[in-house]
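Report on one structure; see the data block that follows.
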Amino acid sequence: MTPAQPVGQDDDGALVTLCKKGDIDAFEELVKRHQKKMLNIAFRMTGNYEDACEVVQDSFVAAYKAINQFEQRARFSTWLYTIVVNQTRNHLKKASTVSGRAEYSLDEPINSEAGFIRPEPASPDPSVLETLEQREVQSRVQQCISALDAEFREVLVLRDIQGFSYDEISSMLKIADGTVKSRLFRARESVKNCLRKLLGRP
C-alpha cells in the first residue's frame with residue numbers, strides 16, 4: 001500500500017520528488033507557486049524591496065541545494081519559508097553592521113493582490129489622493145513592523161500577514177507554541193502603540 005500523502009502537500013510532493021531526481025523544470029514550477037509569498041515575507045521583514053529580492057534569490061538557491069534533505073513529512077511551503085526566515089535573519093545581521101535600517105517610504109513598492117507594484121505619480125484626481133492616503137497608512141504600518149525586534153517581527157509577519165498556524169510558526173522558528181503566542185501578543189501591542197503615535201491618534 002502506498003503511504004498517504006501528508007495533509008497540505010497538494011501537488012508539491014510530486015514536484016519535490018521530481019526535483020530530487022534532478023528535474024529543474026519541477027523546481028521552476030515550485031518557484032512560480034511560492035515566489036510571491038516568499039517575497040512578501042522577506043519584504044515585510046526587511047522593509048526594503050531590493051533586499052527582499054536578494055533574500056528570496058538566496059533562499060531559492062539554498063532550497064535547491066538542500067532539496068534532498070527535505071523529508072516531506074511536513075508541507076513543502078513550511079520548509080521553504082523556514083529557509084526564507086533564516087536567510088532574512090542573516091541578511092539583516094549583515095546589514096546592521098553597515099548601517100541602520102532605512103525608514104520605509106512611499107517610493108517603495110506597494111503590496112497588492114496582484115503582487116508588488118510601484119506607486120503611480122501624483123495626480124489632481126481625487127481618487128488618486130485617496131489612494132495615496134491609503135498607501136501612507138500602509139507605509140506607517142510597515143514602518144512600525146520594521147521597528148520591532150527581529151524575534152517579534154518574524155512572528156507577526158508569519159501569523160498576521162502570511163496566515164501560518166501557530167504549529168507551523170513554532171516549527172519554522174524552533175520555539176514553543178506558548179512563546180509564539182507571547183511574542184505575537186507583544187508584537188501586536190507594539191505595532192498598535194507605534195501607529196497611534198505616528199498617526200496622532202489617542
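A few notes on this one:
- On the principal axes of its alpha carbon atoms, the range 151-200 extends 38, 18, 12 Å, with the longest extent given first.
- Theoretical FRET efficiency, 1/(1+(r/R0)^6), r = Cβ-Cβ of A176 and L199, R0 25 Å, to 0.05: 0.15
- Of C53, C144, the sequence from fewest to most neighbouring Cβ atoms within 10 angstrom is C53, C144.
- Residue exposure proxy: I24, I145, ordered by other Cβ atoms within 10 angstrom of their Cβ from fewest to most, comes out as I24, I145.
- Isotropically averaged projected area of the range 1-100, using the convex hull of Cα atoms (one quarter of hull area), nm²: 6.8 nm²
Values quoted throughout were computed directly from the atomic coordinates according to the rules given, and no laboratory measurement underlies them. Every value quoted in this text rests on a predicted model; they were computed, and no experiment measured them. Glycine gets a Cβ as well: all are built from the backbone with ideal geometry, and neighbour counts include every protein chain shown.
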